[in-house]
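For reference, the structure discussed in these notes is given below.
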Amino acid sequence: YELLNEPVDWDQVPNAPRQWWPMVVNILHTIRAIDATANIIFEPGPGGMFSSGYLMPLPDTNVIYSFHFYNP
């Protein structure tokens, strides 16, 4: 499961890192209630590489962390 590809950017939701994290944890628990072993693909959001400083590991062991980089 990929939770959301390229979460919203900073201009759309200035405080999105604080909003995105609780939403992700809630989605993760919902998925685990029906599928305990599938991989979860998670991107920090918003803003791709600019939000990676807000990245905290998810409370799960089957997580693939994904990033989008558009600058060299």
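Any idea which of Pro14, Pro57 is modelled with pLDDT under 90, loosely packed, with under 14 Cβ neighbours inside 10 Å and in contact with a strand residue (DSSP E or B) (Cβ under 8 Å, 6 or more places away or on another chain)?
Numbers: Pro14 fails: in contact with a strand residue (DSSP E or B) (Cβ under 8 Å, 6 or more places away or on another chain).
Residue meeting the stated conditions: Pro57.
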### Query
Just one of the numbered conditions (1) at pLDDT below 95; (2) over 10 Å from the mean Cα position of the chain (by Cα) is not true of Pro44; which one?
(2)
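The values are calculated or read from the model by the stated rules, or taken from the named source; none is laboratory data. All values derive from a computational prediction rather than experimental measurement. For neighbour counting, all protein chains shown are included, and Cβ atoms are generated from backbone atoms with ideal geometry for every residue, glycine included.
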